[in-house]
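Read the structure below first, then the notes.
The values are calculated or read from the model by the stated rules, or taken from the named source; none is laboratory data. Small disclaimer: the values here were computed from a predicted structure and weren't measured. Using ideal geometry, Cβ is built from the backbone for each residue, glycine included, and neighbour counts are taken over all protein chains shown.
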Amino acid sequence: MFSRRHPYLFFMLCSFGLGIAGLAFIAMMFKSASGPDKFEAGEKIGIVEVIGVIADSKKILQDIKRFRDDDAIRAIVIRIDSPGGAVGPSQEIYREIRRTVGVKHVVASLGSVAASGGYYVAAGAEKIVASPGTLTGSIGVILGYTNFEKVLDKIGLTPVVIKSGAYKDIGSPVREMSAAERRILQDFADKIHAQFIDDVAKGRQMKIADVAALADGRIFTGQDAEGFKLVDRMGNLEDAVRWAADLAGVKGKTQSIYPRKKFSIGELLEASDVEGVLNRALHPEIKAEYRYQPAGE
């Protein structure tokens, strides 16, 4: 454990992490105080935000369920501004949106970027609204890691690995990948790519072959995506809210409601996870992601 080998450094890093967590807590408290007035008139439309890299689905799933179960919320808008992220969380959010569509109307609103896993999430909605310049698409899978073999050779470090099976250390950053390992990982990537294509086809009510023809990882503008039937119409967040209200039969004024933020010291400490960050840096892992990731990033 890093904490046992370097207790003083670990203490300093933990103190730094706690300080950052404290500042984040204060900032979020101020943010929550500026939320929408609950006494504002108008039918309520719930807004669930999917912002940044998708690494965890817990909070988003809770927000979707909370609005789905709240009779005062007439419809839901999923606001997406994300390049995608981890495969599992993206699929979990998609599934929860599909489950919700059977109960309430759900419209996806695409911001500046809704690519790869960000688009996967959007495909679960009943309707999708994007701006003409939205960066979207990137229907594909990326698998990668960094190989440190030459660096270790230069500094004279020799890694020692004891494993129970030939492929237990597949994707090891300290040795060259074998042809057999590359085939295994390619097959893995192809399978989760097929899952992506299948779910987009279901959500968009398109033929699998039509989605597959667009699923080579390329990006689209929102305007082009509309032409390919990946998006329904052009518009901003307010247009998406109005459309969701129309689908729900709402007449007149609407009120956009964001989930109330519940603050937990435990969650903030967990989020700081200084030791976890250090361990991931010292022991990099191979990752499969539905993520738009330009070369060199």
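Things to note:
- V113 passes every criterion in (1) free of Cβ contacts under 8 Å to residues at least 24 places away in the same chain; (2) under 13 Å from V50 (Cβ atoms); (3) not acidic (D, E) apart from (1).
- Counting the residues of segment 51-62 that are under 13 Å from E92 (Cα atoms) and part of a strand (DSSP E or B) gives 1.
- Only a single item in (1) loosely packed, with under 12 Cβ neighbours inside 10 Å; (2) within 19 Å of the chain's Cα centre (by Cα) is not met by I192, and it is number (1).
- Of the residues making up segment 204-223, those that are touching a residue at least 40 places away in the same chain (Cβ under 8 Å), part of a helix (DSSP H, G or I) and not basic (K, R) are V211, G222, Q223.
- Evaluation of V129 against (1) within 22 Å of I197 (Cα to Cα); (2) more than 14 Å from the chain's Cα centre (by Cα); (3) in contact (Cβ under 8 Å) with a residue 60 or more places away in the chain; (4) not in a strand (DSSP E or B) (one fails), failing number: (4)
- Positions within segment 231-261 being farther than 18 Å from T221 by Cβ, assigned to a strand (DSSP E or B) and not β-branched (V, I, T), in sequence order: Q255, S256
- Long-range neighbours under 9 Å by Cβ, at least six apart or interchain, first residue modelled with pLDDT under 95 within segment 175-203, second acidic (D, E) and exposed (fewer than 15 other Cβ atoms within 10 Å of the Cβ): R175/E149; E176/E149
- Considering (1) farther than 16 Å from A245 by Cβ; (2) among the small types (G, A, S); (3) at pLDDT 95 or above, the lone condition that A108 does not fulfil carries the number (1).
Conditions (1) in contact with a helix residue (DSSP H, G or I) (Cβ under 6 Å, 6 or more places away or on another chain); (2) under 24 Å from K253 (Cα atoms); (3) hydroxyl-bearing (S, T, Y); (4) surrounded by 18 or more Cβ atoms within 10 Å (Cβ to Cβ), marked per residue:
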| residue | (1), (2), (3), (4) |
| --- | --- |
| I64 | yes, yes, no, yes |
| R74 | no, yes, no, yes |
| V77 | yes, yes, no, yes |
| D81 | no, no, no, no |
| Q91 | no, no, no, yes |
| I97 | no, no, no, yes |
| G118 | no, no, no, yes |
| V121 | yes, no, no, yes |
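- Residue in segment 69-89 that is at pLDDT 95 or above and among the hydroxyl-bearing types (S, T, Y) present: yes
- Selection from segment 146-178 of residues that are farther than 22 Å from A288 by Cβ and in a loop (DSSP other than H, G, I, E, B): G156, L157, T158, P159, V160, I162, S164
Per-residue answers, yes or no, for (1) more than 29 Å from K44 (Cβ to Cβ); (2) in contact with a helix residue (DSSP H, G or I) (Cβ under 6 Å, 6 or more places away or on another chain); (3) surrounded by 14 or more Cβ atoms within 10 Å (Cβ to Cβ):
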site	(1), (2), (3)
A215	yes, yes, yes
R218	yes, no, no
Q223	yes, no, yes
V231	no, yes, yes
G235	no, no, yes
A240	no, no, yes
A244	no, no, yes
K251	no, no, no
T254	no, yes, yes
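- In the condition set (1) surrounded by fewer than 12 Cβ atoms within 10 Å (Cβ to Cβ); (2) modelled with pLDDT of 85 or more, T158 is compliant with all but (2).
- Cross-chain or 6+ apart pairs with Cβ under 7 Å, segment 227-251 first and without any contact (Cβ under 8 Å) to a residue 60 or more places away in the chain, then in a helix (DSSP H, G or I): K229/R204
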